[in-house]
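Chemist: Just passing along the structure, written as structure tokens.
The values are calculated or read from the model by the stated rules, or taken from the named source; none is laboratory data. Because the structure is a prediction, the values reported are computed rather than measured. All Cβ positions, glycine included, derive from the backbone under ideal geometry; neighbour counts span all protein chains shown.
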Ligand SMILES: NC(=O)c1ccc[n+]([C@@H]2O[C@H](COP(=O)([O-])OP(=O)(O)OC[C@H]3O[C@@H](n4cnc5c(N)ncnc54)[C@H](OP(=O)(O)O)[C@@H]3O)[C@@H](O)[C@H]2O)c1
């Protein structure tokens, strides 16, 4: 079901390998497969859903607002006749909603081939969710951790079964590590650092999930992706200055369109060469735009002790045990961190 193996891999001593020529056109029909995309009503989630639907994948659009989701669904069906898309309500900021979503999904569909943990918030003022967690940490990380945990046993044991989690170049900014001593930012809140930390948690989750899947002998691939700097409304919660700086000054030079921003996610979802633990992003302009390829993970993101600690903390906070070693369903078909660069210097604005 993955794209055909015509991609070239160039190796270099200094840079991670570059993947040239991942081509969406070469991806075969995905008819008969089912995907969930979180935050599918707008931005990258919308674009990703559209591209999956074009390949005849059935896509569940997991949206916080059913109204927004339905409007997006109608647009997608207008653009792509015969698109097999469905909206379901999911608020990652409410653990009960995550559980209800998975309950309904299990009942109705009972099988999952591709989970795209895409939804996210950025630069919120300090606010805790009703569950008592800092909002970036819950919506971006904990909600997806719980969602994946509740769905992983619905995934067939094949290399085409994928969990794709969205991170960001911001994972290298801010503190560059997780504040295990105060994950909920009870002290010294910074909206940019809280966002960066949640995106670091996303990447660490993807890598740790891969470790655990491999050690449990599972064939499902956990892959991470980031979209570089893509023109969406993600900065809508930022301060007026931050929003102005992003949309008027930086975006015209550094951002790329949504169709390009979604490519690393699609590569992670489709490319047959993608291995568990890989991380894809745009290759040009400090990974802000350009064609997709391998992206640079910080050393901290790859630290196995920190990955295990995040996993165990997340389980403790949610009061669950994330089981990757349940018997798979019997279903047929069955780098190193670069020195701080230009972007890190802009950190105060982000
Ligand atoms: N755009 C970029 O340059 C960029 C860069 C790096 C990483 N990313 C990552 O890419 C992903 C998508 O971002 P985007 O740029 O497409 O942002 P976006 O346009 O703001 O879309 C975010 C999506 O997440 C949904 N969402 C927010 N809170 C939610 C919640 N509590 N429960 C469920 N869904 C929720 C939003 O729903 P509503 O419409 O209801 O709010 C929306 O559908 C995020 O993970 C982001 O961190 C983006």
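Chemist: Please count how many residues of the stretch 26-46 are under 24 Å from residue 220 (Cα atoms) and more than 7 Å from the ligand (Cβ to nearest atom).
Modeler: So the answer is 12.
Chemist: Sticking with this one: Report those helices (runs of 4 or more DSSP H) wholly inside the stretch 229-290 carrying at least 3 residues which are under 30 Å from residue 126 (Cβ atoms). Lay out the reasoning, then the answer.
Modeler: Working: elements: 240-244, 251-254, 258-261, 263-270.
Filter on the stretch 229-290 gives 240-244.
Chemist: Next up: Is it the case, given these coordinates, that residue 91 is part of a helix (DSSP H, G or I), farther than 19 Å from residue 257 by Cα and within 13 Å of the ligand (Cβ to nearest atom)?
Modeler: Numbers: part of a helix (DSSP H, G or I): no; farther than 19 Å from residue 257 by Cα: yes; within 13 Å of the ligand (Cβ to nearest atom): yes.
No: the conditions fail for residue 91.
Chemist: Could we say that residue 152 is surrounded by 19 or more Cβ atoms within 10 Å (Cβ to Cβ), modelled with pLDDT of 95 or more and touching a helix residue (DSSP H, G or I) at 6+ places or on another chain (Cβ under 7 Å) here? Before the answer, list the steps.
Modeler: Details: surrounded by 19 or more Cβ atoms within 10 Å (Cβ to Cβ): yes; modelled with pLDDT of 95 or more: yes; touching a helix residue (DSSP H, G or I) at 6+ places or on another chain (Cβ under 7 Å): no.
Here the answer is no, as residue 152 does not meet what is asked.
Chemist: Among 283, 236, which is the only one that is more than 10 Å from the ligand (Cβ to nearest atom) and either farther than 22 Å from residue 35 by Cβ or over 21 Å from the mean Cα position of the chain (by Cα) (or both)?
Modeler: Values: 236 fails: more than 10 Å from the ligand (Cβ to nearest atom).
That would be 283, the only listed residue that is more than 10 Å from the ligand (Cβ to nearest atom) and either farther than 22 Å from residue 35 by Cβ or over 21 Å from the mean Cα position of the chain (by Cα) (or both).
Chemist: When you go through 149, 97 one by one, which is the residue that is within 14 Å of the ligand (Cβ to nearest atom) and either in contact with a strand residue (DSSP E or B) (Cβ under 8 Å, 6 or more places away or on another chain) or on the phi < 0 side of the Ramachandran plot (or both)? Explain how you work it out, then say what you get.
Modeler: Details: 149 fails: within 14 Å of the ligand (Cβ to nearest atom).
On inspection, the qualifying residue turns out to be 97.
Chemist: For residue 214, are the conditions met, namely being surrounded by fewer than 20 Cβ atoms within 10 Å (Cβ to Cβ), part of a helix (DSSP H, G or I) and either at pLDDT 95 or above or within 12 Å of the ligand (Cβ to nearest atom) (or both)?
Modeler: yes
Chemist: Can you tell me which residue within the stretch 114-134, out of those that are in a loop (DSSP other than H, G, I, E, B) and more than 12 Å from the ligand (Cβ to nearest atom), is modelled with the lowest pLDDT? Please lay out each step first, then the result.
Modeler: Applying the first criterion (in a loop (DSSP other than H, G, I, E, B)) to the stretch 114-134 yields 118-127, 129-133.
Now drop any that are not more than 12 Å from the ligand (Cβ to nearest atom), which leaves 125-126, 132.
Working: 125: 92, 126: 95, 132: 98.
Ranking the candidates gives 125 first.
Chemist: Taking the stretch 73-86, which residues are within 18 Å of residue 31 (Cα to Cα) and in contact with a strand residue (DSSP E or B) (Cβ under 9 Å, 6 or more places away or on another chain)?
Modeler: Within the stretch 73-86, 76, 77, 83, 84, 85, 86 meet the criteria.
Chemist: Moving to a separate point now. Condition first: modelled with pLDDT under 95 and outside any loop (DSSP other than H, G, I, E, B). Now tell me which residues in the stretch 20-78 satisfy that.
Modeler: 20, 24, 25, 26
Chemist: If I filter the stretch 58-72 for residues that are under 24 Å from residue 227 (Cβ atoms), touching a strand residue (DSSP E or B) at 6+ places or on another chain (Cβ under 8 Å) and more than 16 Å from the ligand (Cβ to nearest atom), do I get at least one hit?
Modeler: yes
Here is a yes/no grid of residues against (1) surrounded by fewer than 18 Cβ atoms within 10 Å (Cβ to Cβ); (2) modelled with pLDDT of 95 or more:
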{"position": "262", "(1), (2)": "no, yes"}
{"position": "273", "(1), (2)": "yes, no"}
{"position": "279", "(1), (2)": "no, yes"}
{"position": "287", "(1), (2)": "no, no"}
{"position": "290", "(1), (2)": "yes, no"}
{"position": "295", "(1), (2)": "no, yes"}
{"position": "299", "(1), (2)": "yes, yes"}
{"position": "304", "(1), (2)": "yes, yes"}
{"position": "310", "(1), (2)": "no, yes"}
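Chemist: Pull out all pairs, ordered by first then second residue, where Cβ-Cβ is under 9 Å, the residues are six or more apart or on different chains, the first lies in the stretch 186-199 and is farther than 24 Å from residue 224 by Cβ, and the second is within 14 Å of the ligand (Cβ to nearest atom) and at pLDDT 95 or above.
Modeler: Filtered contacts from the stretch 186-199: 186/134; 189/134.
Chemist: Can you go through 111, 106 and tell me which one is more than 10 Å from the ligand (Cβ to nearest atom), within 26 Å of residue 279 (Cα to Cα) and touching a helix residue (DSSP H, G or I) at 6+ places or on another chain (Cβ under 9 Å)?
Modeler: On the way: 106 fails: within 26 Å of residue 279 (Cα to Cα).
Result: 111 is the single residue among 111, 106 that is more than 10 Å from the ligand (Cβ to nearest atom), within 26 Å of residue 279 (Cα to Cα) and touching a helix residue (DSSP H, G or I) at 6+ places or on another chain (Cβ under 9 Å).
Chemist: Criterion first (in a helix (DSSP H, G or I), more than 30 Å from residue 325 (Cβ to Cβ), modelled with pLDDT of 95 or more and more than 11 Å from the ligand (Cβ to nearest atom)) does residue 193 satisfy it? Reasoning before the result, please.
Modeler: Details: in a helix (DSSP H, G or I): yes; more than 30 Å from residue 325 (Cβ to Cβ): yes; modelled with pLDDT of 95 or more: yes; more than 11 Å from the ligand (Cβ to nearest atom): yes.
When the stated conditions are applied, residue 193 passes them.
Chemist: Continuing with this model, one more query. Go through (1) near the ligand (Cβ under 10 Å from one of its atoms); (2) surrounded by 21 or more Cβ atoms within 10 Å (Cβ to Cβ); (3) part of a loop (DSSP other than H, G, I, E, B) one by one and return the number of the condition residue 143 breaks.
Modeler: Every listed condition holds for residue 143 apart from (3).
Chemist: Further question: So is residue 205 modelled with pLDDT under 95 and assigned to a helix (DSSP H, G or I) or not? Outline the logic, then answer.
Modeler: On the way: modelled with pLDDT under 95: no; assigned to a helix (DSSP H, G or I): yes.
No.
Chemist: What number of residues within the stretch 309-328 satisfy the criterion of being over 19 Å from the mean Cα position of the chain (by Cα) and part of a helix (DSSP H, G or I)?
Modeler: Of the residues in that region, 7 qualify.
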